[in-house]
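Note sheet for the following structure.
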Amino acid sequence: QVQLVESGGGLVQAGGSLRLSCAASGSIFSINAMGWYRQASGMQRELVATITSGGSTNYLDSVKGRFTISRDNAKNTVSLQMNSLKPEDTAVYYCNAGIRTSAAPYYFNYWGQGTQVTVSF
């Protein structure tokens with residue numbers, strides 16, 4: 001079994017910062033790309049940022065220059081540093097990872113349970 005556990009959400013004023021973390025655990029053989037998605041109330045889930053195992057990153061245009069994704073391959077963790085937060089960043093943030101377990105010859109997409117980020121005016 002594989003689990004992704006997120007932490008670090010909360011309430012912050014506009015202009016403030018938060019750091020989200022996600023740890024993968026279980027019978028992990030290897031991890032491909034890791035990333036963060038978000039879903040605001042009444043909206044579709046959208047990609048916020050991704051990072052490959054080699055460290056290449058990709059960001060949603062609206063968060064470029066404000067958010068930074070990073071990962072620790074040795075610890076199977078991915079983090080999202082969010083600075084200069086805006087009310088429109090308010091959403092449930094989900095961790096995502098492509099993980100191959102010890103028992104499977106393929107990568108499967110895993111999701112965390114989500115963590116609420118609320119940015120007030």
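Sort 78-85, 23-30 by packing, meaning the average of other beta carbons within 10 Å per residue, with the highest value first.
Numbers: 78-85: 20.6, 23-30: 14.2.
Output ranking for 78-85, 23-30: 78-85, 23-30.
Give, as ranges by residue number, the residues of segment 49-83 whose backbone N falls under 19 Å from the point 7 Å along Cα→Cβ of R19.
Answer for this model: 49-51, 65-83.
Can you work out ³J(HN,Hα) from phi for every residue in segment 17-27, in order, using Karplus 6.51 cos²θ - 1.76 cosθ + 1.60 and θ = phi - 60°, giving whole Hz and x for Gly and Pro?
Each residue's phi maps through the Karplus curve to give 10, 9, 10, 9, 10, 9, 10, 9, 9, x, 7 Hz.
Through the Karplus equation 6.51 cos²θ - 1.76 cosθ + 1.60, θ set to phi - 60°, convert the phi angles of segment 40-54 into ³J(HN,Hα) values in whole Hz; use x for Gly and Pro.
Per-residue couplings from phi come out as 7, 4, x, 10, 7, 5, 10, 6, 9, 7, 9, 9, 7, 5, x Hz.
Give me the one-decimal nm value for the distance between modelled label points at N32 and V5, 7 Å along each residue's Cα-to-Cβ direction.
Label-label distance for N32 and V5, simple model: 2.6 nm.
From the Cα trace of segment 1-58, what convex hull volume per residue do you get, rounded to a whole Å³?
It comes to 123 Å³ per residue, whole-number rounded.
Only residues of segment 1-32 count here: report those whose backbone N is under 20 Å from the spot 7 Å along Cα→Cβ of F121, or say none.
Answer for segment 1-32: 11-17.
Over the chain, give the accessible area per residue in Å² for a 1.4 Å probe, as an integer.
53
Only Cα pairs within less than 10 Å get springs; with that Gaussian network setup on the chain, which residue of A33, A91, A104 has the largest fluctuation?
A104
How large is ³J(HN,Hα), in whole Hz, for each residue of segment 74-89 in order, when computed from phi with the Karplus curve 6.51 cos²θ - 1.76 cosθ + 1.60 and θ = phi - 60°, using x for Gly and Pro?
Those phi angles translate into 5, 9, 6, 10, 9, 10, 9, 8, 10, 10, 6, 5, 10, x, 6, 7 Hz.
Accessible area of segment 5-54 with a 1.4 Å probe: how many percent of it is carbon plus sulfur?
Values: 1290 of 2580 Å².
Summing carbon and sulfur atoms, their accessible area is 50 percent of the total for segment 5-54.
The values are calculated or read from the model by the stated rules, or taken from the named source; none is laboratory data. A quick note: this is a predicted structure, and the numbers were derived from the prediction, not measured. Methodologically, a virtual Cβ is constructed for each residue, glycine included, from the backbone with ideal geometry; neighbour enumeration extends over all protein chains shown. Just the protein is used for accessible areas: all its heavy atoms, side chains included, with ligands, DNA and RNA removed. Shrake-Rupley method; radii C 1.70, N 1.55, O 1.52, S 1.80 Å.
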